[in-house]
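Structure first, commentary second.
The values are calculated or read from the model by the stated rules, or taken from the named source; none is laboratory data. Every value quoted in this text rests on a predicted model; they were computed, and no experiment measured them. For neighbour counting, all protein chains shown are included, and Cβ atoms are generated from backbone atoms with ideal geometry for every residue, glycine included.
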Amino acid sequence: MKAKGKVWSMFMLLLITVVMTAGCGNKASNEGQGGNTAGGTETSTPTTKNDKDIVIAINANFITLDPHNASDTHSISAARTMYEGLMGFDENMNVVPVLSASHSISEDGLVYTFTLQENVKFQDGTDFNAEAVKVNIARIQDEKNNLRLRKSFAKVAKVETPDAKTVVITLSEPYNAFLNKVAMAPIISPKALTENGADISKMPVGTGPFKFKEWVQGDRLVVEKNTDYWQKDLPKVDSITFRPVPENGSRIAMLKTGEADFIYPMPTEQVSEVEGLEGITVDTIDSTIVRYVTLNTMKKPFDDVKVRQAINYAINKDAYIKVVKSGLGAKLDSTMSSKTQYYSQQTGYDYDIEKAKQLLAEAGYPDGFETEVWGENESETMKGMQFIQQQLALVGIKVEVKSMEGGTLSDQINAAKTPEEAKIQMWYVSWSPSSGDADGATRGLFSSEMFPPAGSNTAYYKNENVDKWIAEANKAVDPEAAKSIYANIQKTVWEDAPWAFMGVDQIISGKRSYLEGVKVFPDGSINVLNAEVK
Amino acid sequence: MSDNSAVMGTNSPIPGEVIAPEKTKGRAGVFIRKFSKQKMPLLAAFFVILLFLIAIFGPFLTPYNPDEPNYDALMQGPSGAHWAGTDEYGRDILSRLIDGTRLTLAVSLSSVLIAGVLGTILGLVSGYYGGWLDRIIMRGSDVLFSFPDLLLAIGIVAILGPGLSNVVIAVAVFGTPSFARIIRSVTLSAKETLFVEAARSMGAKNRRIIWRHIFPETVPSIIVNLSMKIGGAILAAASLSFLGMGAKPTEPDWGAMLSMGRDYLSIAPHIVYFPGLAIFLTVLAFNLVGDGLRDALDPKMKN
């Protein structure tokens, strides 16, 4: 028996080796084959599609389907397939009307009047009207619900509904990013809200082009066509299945075999390999996604600004782009990407090991220290964390890499109710302002009101000037004034270095060529409204 | 490998044929003669010795610093400068394999040794005393046996948390029952032998009988089983590391190297090829040595 088991395991090992080698050989022959049978249906990978059910593979799980409480881009993408807000975004992150037919803003910037689209129904058959908007804003504002969006609507003084298709929102003070925030607030069916209560995050009901079918955590989210959708002739596909596939290799294999029709992100190291393959199209756009490492400024040794600056000097960002991003990306030279509103370029933190060592010595850590970096267990994030570990090792900082599944990580970070409880030391993560404005790229990350779980200031960064400026910037009606305030904020945060500033992503997605209309926006959210199989 | 059919022999040597303990020297001689007659196990034994030397002198043998990245030489194929190529950070794969040998051997040896010690004690107690103690221990190992090995290990690591030390515990736990069973069967037959009966009649205490008279009889079985289990332990530890439950991705563990390299399977297969080959050869060598030991130590085997 023993010997049998052993021989068997030997055999399996051999088999794996053989399959591996064979797999490598196959790739080359496929490429040739694809060329010969261009346009035919005999290729090993499909170039046409018979049904209208599309599969989109993404790199992480959805955290929640509650559109008012989503903070990760994938959850926001998912919510937007089923929900719509009064306003929305186009592919350049401009705010455009969706459920509101028109809107006007009073001269003092305090009163917003929305006229709603007519004949819009929620997926449960109830009417979309002014009352529904009011109910939703009340839900967001309710402190008991503790929703992510609450702080964005803190300045809403009252919501009035003179008639069924008019909503008048009055603010307590001017807030120039308010329309962007309105675009971040999809409208949930009031009936579903009362019936489902807290379960609304698992049973979404909105007005969107797709309605919820099923969500199997960790495996798939399926949405199907909303046949009563108010926009004519949309959507053009029957269903969309989102599949979280954290592993780069698997995601790319799914695209190659046609198991997935669209993948995002496309692993950067594979781009050169897939480009030019029959039936596959790779799209690249500049993004607003910034990658950084938050340094918990309330924890030793990161409470010392010299340590934080030293870390910024110790990391070679050019090498980071090359190794982790396969050259597809740019260095992060501010707190936001150059594609974001009111961006102001910063200089400094050029790779300089000696300077980093000197700063560490001045801070009292001549021999470095030990710490840990957290991040998701997805291929590229793990690679980034290891890169950071290698770089910091050169100045004596020993970093332990801790990768966790997205939900676990989010729990770990939000479990701390006060900054003192926080266990986080370093977190390698990315941020994109899904609201498309400078406020979205600043307040949630650097305002001291936004410590987790209320916001995403995971560096626990607190600077009174920055707090004051953020408030002022929101009230500034003149764009030039706002611009100079944001320049101040970026300069101050850059010098305070609550982050190790890493890079700006390029958005790279891969799709089967027969699929059209699926777009990744600069913030990394996936838009499927116009998805079409040709 | 040709005499695989006689595997069961070790587990129940016939009492009458047990050679008397005082002839240790002669026994060793016979063993060496028998072992060196077998070509494959001998070759494998040299390989294993080589592995141990690499593990001991590894830091002096690595052509490059195994942890030092070279961002100008990413994912290069095997060449004169890098015999096994470089990985996704430009680290020399051969150096990492050499460095990882120590990790691999340490994890597999310590887990098998722990399993061996625990299993031997349980087997001796179970076989010698019998009765309800025997029943509890054997039913306990039956329960452990009923789990597929790796699944049990994954379960244990899931409870204890990831990390190499927990992998050692997990592999040790699923290795223990097989030792317990084998040693129990040897104990059962040994306790019926004349010299044990003689010792007892002279008033020797149970502990002395077990330790001085029965335990030496079980040593050949222990050695054989140890060597046979090491291969499995290496495989199990590598599998756990591959699944991200063992070594940290930063450590040059062979399984972890495989795991990190699988993203590049289609563009740089050498990143997984060499760690895979290392695991394959090492497991094969330990198993062949185990075969050879069994054949050489089994008194029933006639040349």
Filter region B:57-80 down to residues that are in contact with a Lys or Arg (Cβ under 8 Å, 6 or more places away or on another chain) and more than 24 Å from B:His270 (Cβ to Cβ), then give me how many there are. 0
Going by what's in this entry, would B:Gly255 be described as assigned to a helix (DSSP H, G or I), without any contact (Cβ under 8 Å) to a residue 60 or more places away in the chain and buried (at least 23 other Cβ atoms within 10 Å of the Cβ)? yes
I'd like the full set of residues that are in a loop (DSSP other than H, G, I, E, B), away from chain B (no Cβ under 12 Å) and either touching a Pro at 6+ places or on another chain (Cβ under 7 Å) or closer than 18 Å to A:Ala459 by Cα (or both), limited to region A:367-398. A:Phe369
Filter region A:492-531 down to the residues that are in contact with a Phe, Trp or Tyr (Cβ under 7 Å, 6 or more places away or on another chain) and in a strand (DSSP E or B) and list them by number. A:Trp499, A:Ala500, A:Phe501, A:Met502, A:Gly503, A:Ser509, A:Lys511, A:Leu515, A:Val520, A:Ile526, A:Asn527
What are the residues in region A:457-468 that are surrounded by fewer than 23 Cβ atoms within 10 Å (Cβ to Cβ) and either part of a loop (DSSP other than H, G, I, E, B) or free of Cβ contacts under 8 Å to residues at least 24 places away in the same chain (or both), if any? A:Asn457, A:Lys462, A:Asn463, A:Glu464, A:Asp467, A:Lys468
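Being polar (S, T, N, Q), without any contact (Cβ under 8 Å) to a residue 40 or more places away in the chain and not in a loop (DSSP other than H, G, I, E, B), is that true of even one residue in region B:102-121?
No - not one qualifying residue is present in region B:102-121.
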If you scan region A:324-348, which residues turn out to be without any contact (Cβ under 8 Å) to a residue 60 or more places away in the chain and either within 16 Å of A:Leu445 (Cβ to Cβ) or away from every other protein chain (no Cβ under 12 Å) (or both)? A:Gln345, A:Thr347
I need the full set of residues from region A:275-315 which are polar (S, T, N, Q), buried (at least 19 other Cβ atoms within 10 Å of the Cβ) and farther than 28 Å from A:Glu362 by Cβ, in order please. A:Ser287, A:Thr288
Is it the case that region B:263-274 has a residue that's under 22 Å from the mean Cα position of the chain (by Cα), under 25 Å from A:Ile252 (Cα atoms) and assigned to a helix (DSSP H, G or I)? yes
Go through region A:67-120 and count every residue that is farther than 22 Å from A:Ser434 by Cα, charged (D, E, K, R) and at pLDDT 90 or above. 0
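Return the residue satisfying two criteria in turn: it lies in region B:64-92 and is within 22 Å of B:Thr282 (Cα to Cα) and without any contact (Cβ under 8 Å) to a residue 24 or more places away in the chain, and of such residues it is nearest to the other protein chains (Cβ to nearest Cβ). Before the answer, list the steps.
As a first pass, look at region B:64-92 and keep what is within 22 Å of B:Thr282 (Cα to Cα): B:66, B:78, B:82-87, B:92.
Now narrow it down to the ones that are without any contact (Cβ under 8 Å) to a residue 24 or more places away in the chain: B:82-83, B:86.
On the way: B:His82: 17, B:Trp83: 19, B:Thr86: 12 Å.
The extreme case among them is B:Thr86.
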Does at least one position in region A:317-329 carry a residue that is outside the structural domain of A:Ile526 (by the TED database), buried (at least 20 other Cβ atoms within 10 Å of the Cβ), among the aromatic types (Phe, Trp, Tyr) and under 21 Å from A:Tyr461 (Cα atoms)? no
Given the condition assigned to a helix (DSSP H, G or I) and within 12 Å of chain B (Cβ to nearest Cβ), answer yes or no: does some residue in region A:417-427 qualify? no
Return yes when A:Thr442 is of a type in the set (S, T, N, Q) and either at pLDDT below 90 or buried (at least 21 other Cβ atoms within 10 Å of the Cβ) (or both) and no when it is not. yes
Conditions (1) farther than 29 Å from B:Ser221 by Cβ; (2) within 14 Å of chain A (Cβ to nearest Cβ); (3) crowded, with 20+ Cβ neighbours inside 10 Å; number of the one not met by B:Ser95: (2)
Mind checking whether some residue in region A:153-162 is without any contact (Cβ under 8 Å) to a residue 40 or more places away in the chain, part of a helix (DSSP H, G or I) and crowded, with 21+ Cβ neighbours inside 10 Å? yes
Just give me the residues in region A:259-271 being surrounded by 19 or more Cβ atoms within 10 Å (Cβ to Cβ), more than 13 Å from chain B (Cβ to nearest Cβ) and more than 16 Å from A:Ile285 (Cα to Cα), in sequence order. A:Ala260, A:Asp261
Working only within region A:220-249, note down all residues that are closer than 13 Å to A:Ala60 by Cα and either within 14 Å of another protein chain (Cβ to nearest Cβ) or at pLDDT below 90 (or both). A:Val245, A:Pro246, A:Glu247, A:Asn248
Please pick out the residue among A:Ala253, A:Ala185, A:Ala192 that is free of Cβ contacts under 8 Å to residues at least 12 places away in the same chain and either out of contact with any Cys (no Cβ under 9 Å at 6 or more places or on another chain) or away from chain B (no Cβ under 14 Å) (or both). A:Ala253
Considering region B:281-299, residues that are within 11 Å of another protein chain (Cβ to nearest Cβ) and aliphatic (A, V, I, L, M), and then whichever is surrounded by the fewest Cβ atoms within 10 Å (Cβ to Cβ), we arrive at B:Leu281
So if I check each of B:Gly203, B:Gly244, which one is within 14 Å of chain A (Cβ to nearest Cβ), surrounded by fewer than 19 Cβ atoms within 10 Å (Cβ to Cβ) and not in a helix (DSSP H, G or I)? B:Gly244
Does region A:472-483 hold any residues that are of a type in the set (Gly, Ala, Ser) and surrounded by fewer than 16 Cβ atoms within 10 Å (Cβ to Cβ), and which are they? A:Ala481
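What residue, of A:Glu269, A:Glu173, A:Glu224, is acidic (Asp, Glu), within 30 Å of A:Ala438 (Cβ to Cβ) and either assigned to a helix (DSSP H, G or I) or more than 21 Å from the chain's Cα centre (by Cα) (or both)?
Sole residue among the options that is acidic (Asp, Glu), within 30 Å of A:Ala438 (Cβ to Cβ) and either assigned to a helix (DSSP H, G or I) or more than 21 Å from the chain's Cα centre (by Cα) (or both): A:Glu173.
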Name, by its number, the condition in (1) within 20 Å of B:Ser95 (Cβ to Cβ); (2) within 12 Å of another protein chain (Cβ to nearest Cβ); (3) over 16 Å from the mean Cα position of the chain (by Cα) that does not hold for B:Ala278. (3)
Assess whether A:Glu195 counts as being at pLDDT below 90 and acidic (Asp, Glu). yes
Flagged in region A:274-323 as touching a strand residue (DSSP E or B) at 6+ places or on another chain (Cβ under 8 Å) and within 14 Å of another protein chain (Cβ to nearest Cβ), in numbering order, are A:Val274, A:Glu275, A:Ile280, A:Ile315, A:Lys317, A:Asp318, A:Tyr320, A:Ile321
